[in-house]
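Engineer: This is the structure, below, for whatever I ask next.
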Amino acid sequence: MLHSRLEGLSPDERRGFVPLSPDFVIELRSPSDALDDLHAKMREYLDNGARLDWLLDPDPRHVYVYRPDRPVERLDDPVTIHADAVLPSFVLDLRAVW
C-alpha cells in the first residue's frame, strides 16, 4: 500500500484493521465461486482505492485485469502476467496455477 494513502488516516484508523483496500489484489476463482460475484468484488476493490486487480479463472484459463478508469481486460490462457504498474518486476508464472 502506498505510504501516502496511510498518511491520510487518523491514528485511531491506523490501529487494528485499516479501512483501505490494498493497492494490488489477486483473486483465484474456486469452482464454487460465482463469476459475477467475483467481478463485483474486484470493482469494489477498485472503488476503494486498489490500483490493480487480477481475477484468475483456472477453467477456462482466463485472467481479468482491473485498473482504475479503464475497461476490464480479459487475457485468454496467458503463461505469465506482469504487475509493472504497481509492483515493478513482479511476474506471475501461471503455469503453476493452470
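Engineer: Spelling out what I want: for every residue of the range 62-77, take phi, set θ = phi - 60°, compute 6.51 cos²θ - 1.76 cosθ + 1.60 (Karplus), and round to whole Hz; glycine and proline get x.
Structural biologist: With the stated coefficients, the range 62-77 comes to 10, 10, 9, 10, 10, 9, x, 6, 9, x, 5, 9, 10, 9, 9, 6 Hz.
Engineer: If you restrict to DSSP beta bridges whose two residues both lie in the chain, what percentage is antiparallel, to the nearest 5?
Structural biologist: On the way: 12 of 17 bridges.
So the antiparallel bridges in the chain amount to around 70 percent.
Engineer: Given Cα pairs under 8 Å that are at least 6 residues apart, what percent is the relative contact order of the range 19-96? Numbers along the way, then the final one.
Structural biologist: On the way: 126 pairs, mean separation 18.2, N = 78.
So the answer I get is 23 percent.
Engineer: Identify which of Pro78, Pro11, Pro31 has the largest mean-square fluctuation in a Gaussian network model of the chain, with springs joining Cα atoms closer than 10 Å.
Structural biologist: Ranking Pro78, Pro11, Pro31 by mean-square fluctuation puts Pro11 first.
Engineer: Per residue of the range 82-98, in order, report the coupling 6.51 cos²θ - 1.76 cosθ + 1.60 (Karplus, θ = phi - 60°) as ³J(HN,Hα) in whole Hz, putting x for Gly and Pro.
Structural biologist: Each residue's phi maps through the Karplus curve to give 10, 10, 3, 5, 10, 10, x, 6, 7, 10, 9, 8, 7, 4, 6, 7, 6 Hz.
Engineer: Would you calculate, for the chain, the mean residue ellipticity at 222 nm contributed by helices, counting each DSSP H stretch of 4 or more residues as -39,500 (n - 2.57) and dividing by all residues, to the nearest 500? Write down the numbers at each step before the final one.
Structural biologist: Numbers: 3 runs with 22 residues, N = 98.
For the chain, the value works out to -6000 deg cm²/dmol.
Engineer: May I ask for the Kirkwood hydrodynamic radius of the chain, worked out over all distinct Cα pairs and given in angstroms to one decimal? Each step should come with its number before you reach the end.
Structural biologist: Values: mean 1/r = 0.0686 Å⁻¹.
Kirkwood radius, the chain: 14.6 Å.
Quick note: the coordinates plus some simple rules give every number you see, no bench work behind them. All of these numbers come straight from a predicted model, not from anything done at the bench.
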